[in-house]
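**Q** The structure follows.
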Amino acid sequence: MKTKSSLLLFLIGALPVCAAEVSPIETLLKRSIITTNLPLEEVQAYTENRVPIMPLAQTALEWERIADRLRRDTLAQVVFRGQAAEWRKDKANVVWLETIEGGPGYQIKKLRYEAVPGLWIPALLYEPDHLTGRVPVALSVNGHEGIGKSVPYKQIRCINLARRGMLVLNPEWLGMGQLNGPDYQHSRMNQLDLCGTSGVSPFYLAMSRGLDVLLSLKHADPKRVAVSGLSGGGWQTIFISSLDTRVTLSNPVAGYSSLRTRARFLEDLGDSEQTPCDLATVADYAHLTAMRAPHPTLLTFNAKDDCCFGSGHALAPLLEAAGPIYRLYGKESFLRAHVNYDPGTHNFGLDNREAFYRLVGDHFYGGSTEFVSKEIPVESEVKAHTNLLVALPPDNATFNSLALSLSKPLPRQPPLPENKEAAEKWQEANRAKLREVVRAKHSRVIAEKAGEDTQGGVTANYWRLRVDDALTVPAVELARGEPKGTVILLADGGRQSVSTEVERRLAAHERVLVVDLFYFGESRVRTHDYLFALLVAAVGERPLGIQAGQLAGVARWAQAVYSGEPVSVITLGPRTSTIALVAAGLEQEAISRLEIHDPLGSLKEVIEQNLKFEQKPELFCFGLLEAFDIKHLAALVAPRPLTVIQPGERARTELDGLAKWYAMMGGELKGVGESLNR
């Protein structure tokens, strides 16, 4: 029998649970200001309009000059920036290992070679028996296959080429197969970007060193050099084939499209390596395709591709760009297209492979009738993944280890000046440098009132703030009674996460303007968001620069619209705190003081915590750590007051001494601990 107390507990437990009461401020913050698709539509237009179009050329000679410049600038300004320029000078170190039995007419040699210092690529060389004279060579690359170089369709391709008398190198791709560890994930290559060294350079050098290996072989014919690959291998194929003039025949398969196409077909948006920083300031993939002229090139796409780069949208813009260039050379037939319909999905299957063999036969074997383009059945010769493993050093370098090494001497800043005059000159010079690094603009804001509401004595005005006639920042202006000042509030969690802080500011009789900058809250692209952040950097902008420009522009607008007095900025979280430090460093007039909660202590934490690009995109700004760390950004804010709330131990340590700097500049730094104020 139940006791009275147990019965009472039972009855209470049976009562319906009421939802937590929503505060008036939360209700006001939740109201939508912009349409769901607006951030996507705006960033599509923003990036698409910045992709360069094909230059005009009237003659082959004129195009040669253009192509030479594009190739030179892409290598210098995209691929080999920072330490990568030194890596480029190294020779390919090669370690040859055991030879295993292949099949009729060929053997397989295991090897590893160094792409960049300490980063070894495992590879297999398919070598025909009884070679004499010079023979064609082929670099066979692969895409996002978990087992990497041992994926069966790739083995079949390599074997078929070797059975036809070619030397074939089958390298592992970064992030796949034997290099399939978390520190090789492609979005960690952007850690190198943060250090001012091209994250795409290890990818490129892995391919170019592979060509070095092939062309060092006794029987290699330097006039007959092929590259082919599917998906990510298709990207590798066009990237190396257009930029390394040693490649004389190329077959990218379902691996790329124009960046202009990608802005509209979201499935084509590529990983970090496919969207390298600043590529589109020099060239688009349409340009790279045309740069193959006049060499034999087969563009293979699939009609029902269930991954990306479907033939229906990806192929035509590339042919439209490259076709006229091939005509300038009188080599129209050297540019081919093949569309696979069966199975038509994302594949480098039999139909696509045989199209490749036909290209090889026509251009490497003179169309000889002895060259058979039908595939040789070799499925029985495909080997298990374990049989193709290549010994690697236990401490093989990774994106993270390379970035950790690069970051050690950074930033390249002398000690902060110790007198006010020198400090002001330092600030002036470094403001200009910061603006250049983050690509920030002096943004203009056009405001549109989007509604108003009152809840619990709090009045809300809703704003659509159009910045530089490109991107819209939604903002909620909240006030209770007569405000005595204006605060701009932003948070890593977006504006719906800040109700507690809003209440605190309203209680202090402040007007609170809560904004969602690019990539945050309501301004976040609902799908493929970080891939668009990559595309923004590829077209020469920086997410961090856009965000800092938006914040500075909103501050100037708020100053003009409200009291005419400068406004305060408060941030909640390490990402928005970094944005605010940049914005306040650049905008000296409209931002009067800064309060940052839970900031980073150092940009090196991005690398030390081994973050991926998609986690905090703006913090991977190219070259930011090379030029500045958090304490330098904070130094640019002085003499305006800077308050640090809930600093971690790293922030306390890194900001050690800045209070003295602030005092010298006539300002005040609060919150890092008096014990650190030397």
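The values are calculated or read from the model by the stated rules, or taken from the named source; none is laboratory data. Quantities reported herein were computed from a predicted structural model and do not represent experimental measurements. Glycine also receives a Cβ, built like all others from the backbone with ideal geometry; neighbour counts cover every protein chain displayed. The area values use the complete protein model at the heavy-atom level, side chains included, leaving out ligands, DNA and RNA. Shrake-Rupley method; radii C 1.70, N 1.55, O 1.52, S 1.80 Å.
**Q** Given the Cα atoms of the stretch 132-265, and with Rh set as the inverse mean 1/r over their pairs in the Kirkwood sense, what is Rg to Rh to two decimals?
**A** We get a ratio of 0.99 for the stretch 132-265.
**Q** Shape call for the stretch 284-369 from the C-alpha gyration tensor, a ≥ b ≥ c root eigenvalues: rounded (a/c under 1.5), prolate (a/b greater than b/c) or oblate?
**A** Because a/c hits 1.5 or more and a/b fails to exceed b/c, the stretch 284-369 counts as oblate.
**Q** Now for a separate question. Run through the DSSP bridge list for the chain and note the antiparallel percent, rounded to the nearest 5. Mind showing how you got there, number by number?
**A** Details: 44 of 88 bridges.
DSSP beta bridges in the chain are roughly 50 percent antiparallel.
**Q** Using Cα atoms only, what is the angle between the long axis of helix 60-74 and the major principal axis of the chain, expressed in degrees (0 to 90) to the nearest 10?
**A** With rounding to tens, the tilt is 50 degrees.
**Q** So what's the Cα pair-distance distribution over the stretch 408-477, bin width 5 Å, in %?
**A** Pair shares across the bins are 3, 12, 13, 12, 11, 9, 9, 11, 9, 7, 3.
**Q** Next up: Can you pull a Stokes-Einstein diffusion coefficient for the stretch 76-166 at 4 °C (1.567 mPa s), Rh from Kirkwood over Cα pairs, as a whole number of µm²/s?
**A** Answer, rounded: 86 µm²/s.
**Q** Something else now. Taking the Cα of ASP656, stepping 7 Å toward and past its beta carbon, and measuring to each backbone N in the stretch 389-419: which are under 20 Å?
**A** Counting only backbone N, you get 408-418.
**Q** Okay, moving on. Given a 1.4 Å probe and heavy atoms of the protein chains only, how would you sort THR454, THR47, THR643, THR527, largest accessible area at the top?
**A** THR454, THR527, THR643, THR47
**Q** If I model a spin label as a point 7 Å beyond the Cα along the Cα-Cβ vector, how far apart are those points for ASP469 and GLN615 in nm?
**A** The answer from the label model is 4.0 nm.
**Q** Could you work out the equivalent-ellipsoid semi-axes for the stretch 609-657, taking the square root of 5 times each eigenvalue of the Cα gyration tensor, largest first, in whole Å? List each step's numbers first, then the result.
**A** Numbers: eigenvalues 97, 42, 22 Å².
With the √(5λ) rule applied to the stretch 609-657, the semi-axes are 22, 15, 10 Å.
**Q** Angle check, please: helix 152-163 long axis (alpha carbons) against the longest principal axis of the chain (alpha carbons), in degrees 0 to 90, nearest 10.
**A** 30 degrees
**Q** Put ASP656, ASP469 in order of accessible area, largest first, 1.4 Å probe: what do you get?
**A** Values: ASP656 45, ASP469 105 Å².
Order by accessible area, largest first: ASP469, ASP656.
**Q** Return the calculated 222 nm mean residue ellipticity for the chain, to the nearest 500 deg cm²/dmol, obtained by summing -39500 (n - 2.57) across DSSP H runs with n ≥ 4 and dividing by the residue count.
**A** Helices in the chain give a 222 nm mean residue ellipticity of -11000 deg cm²/dmol.
**Q** Please report the antiparallel percentage of DSSP beta bridges with both residues in the stretch 81-236, rounded to the nearest 5.
**A** 70 percent
**Q** Applying the Karplus parametrisation 6.51 cos²θ - 1.76 cosθ + 1.60 with θ = phi - 60° to the phi angles of the stretch 543-550, what ³J(HN,Hα) value in whole Hz is obtained for each residue in order, glycine and proline being reported as x?
**A** x, 5, x, 4, 5, 5, x, 5
**Q** For the chain, report the accessible area per residue in Å² (1.4 Å probe, heavy atoms, rounded to an integer).
**A** 39 Å²
**Q** Now, a different point. Take every Cα pair under 8 Å in the chain that's 6+ residues apart, average their separations, divide by the length, and report that relative contact order as a whole percent.
**A** For the chain, the relative contact order is 14 percent.
**Q** Quick one: give the max-minus-min coordinate of the C-alpha atoms of the stretch 582-678 along each principal axis, largest first, in Å.
**A** Cα extents, longest axis first: 39, 31, 22 Å.
**Q** Here is a follow-up. Stick to the Cα atoms of the stretch 527-616, pair each with every other, and give me the Kirkwood hydrodynamic radius in Å at one decimal.
**A** The answer is 14.3 Å.
**Q** A further question on this structure: Normalise the Cα radius of gyration of the stretch 262-308 by 2.2 N^0.38 Å (N = residues in it) and let me know the number.
**A** Numbers: Rg = 12.7 Å, N = 47, 2.2 N^0.38 = 9.5 Å.
Relative to the 2.2 N^0.38 Å estimate, the stretch 262-308 comes out at 1.34.
**Q** Can you tell me which lysines have their Cα less than 18 Å from the Cα of LYS110? Leave out same-chain residues fewer than eight positions away.
**A** LYS149, LYS154, LYS218, LYS383
**Q** Report the dimensions of the stretch 201-294 along its three principal axes from the alpha-carbon atoms, largest first, rounded to Å.
**A** Computed over the stretch 201-294, the largest-to-smallest principal extents equal 47, 28, 24 Å.
**Q** For the stretch 332-438, what does the alpha-carbon gyration tensor say about shape, rounded, prolate or oblate, given a ≥ b ≥ c as the root eigenvalues, a/c under 1.5 as rounded, and a/b over b/c as prolate?
**A** In terms of gyration-tensor shape, prolate.
**Q** I'd like the FRET efficiency for GLU448 and GLU64, computed as 1/(1 + (r/R0)^6) with the beta carbon distance as r and R0 of 60 Å, rounded to 0.05.
**A** Calculated value: 0.75.
**Q** Compute the normalised compactness of the chain: alpha-carbon radius of gyration over 2.2 N^0.38 Å, N being the residue count. Mind dumping the intermediate values first?
**A** Details: Rg = 29.1 Å, N = 678, 2.2 N^0.38 = 26.2 Å.
This ratio for the chain stands at 1.11.
**Q** Classify the stretch 432-576: rounded, prolate or oblate, from the alpha-carbon gyration tensor (a ≥ b ≥ c, eigenvalue square roots; a/c under 1.5 rounded; otherwise prolate if a/b is larger than b/c)? Provide the component values of the computation, followed by the final result.
**A** Details: a/c = 1.93, a/b = 1.63, b/c = 1.18.
It comes out prolate by the Cα gyration axes.
**Q** So, in nm, how far is label ILE147 from label ARG327 when the simple model puts each one 7 Å beyond its Cα toward the Cβ?
**A** Placing both labels 7 Å along Cα→Cβ, they lie 4.6 nm apart.
**Q** Pairing the Cα long axis of helix 38-48 with the longest principal axis of the chain, what angle in degrees results, from 0 to 90 and rounded to the nearest 10?
**A** 50 degrees
**Q** Okay, next question. Once neighbouring chains are kept in place and the probe is 1.4 Å, which whole percent of the accessible area of the stretch 579-652 is contributed by carbon and sulfur? Spell out each step's value before the answer.
**A** Working: 860 of 2020 Å².
Its accessible area is 42 percent carbon and sulfur atoms.
**Q** Suppose R0 equals 25 Å; then what is the FRET efficiency for ASP306 and THR386 from their Cβ-Cβ distance, rounded to the nearest 0.05?
**A** Working: r = 29 Å, r/R0 = 1.18.
The pair ASP306/THR386 has a calculated efficiency of 0.25.
**Q** Got a number for carbon plus sulfur as a percent of the stretch 453-493's accessible area, 1.4 Å probe?
**A** The nonpolar share, carbon plus sulfur, comes to 41 percent.
**Q** Given 20 °C and 1.002 mPa s, compute D for the stretch 129-204 with the Stokes-Einstein relation, Rh being the Kirkwood radius over Cα pairs; round to the nearest whole µm²/s.
**A** Calculated translational D: 151 µm²/s.
**Q** Could you tell me the extents of the stretch 31-89's C-alpha atoms along the three principal axes, largest first, rounded to whole Å?
**A** Result, largest extent first: 57, 38, 8 Å.
**Q** Let me ask something additional. Binning every alpha carbon pair distance of the stretch 484-540 at 5 Å from zero, what are the percents per bin?
**A** 4, 18, 21, 17, 13, 10, 7, 7, 2
**Q** If the reach is capped at under 24 angstrom between alpha carbons, list the lysines near LYS408, excluding any in the same chain fewer than eight residues apart.
**A** Those lysines meeting the cut-off are LYS89, LYS433, LYS604, LYS612, LYS616, LYS631.
**Q** Of the peptides 471-483, 165-177, how do they stack up when ordered by the mean number of other Cβ atoms within 10 Å, highest first?
**A** 165-177, 471-483
**Q** Okay, moving on. Between LYS223 and ARG504, how many nm apart are label points set 7 Å from Cα along the C-beta direction?
**A** Label-label distance for LYS223 and ARG504, simple model: 7.5 nm.
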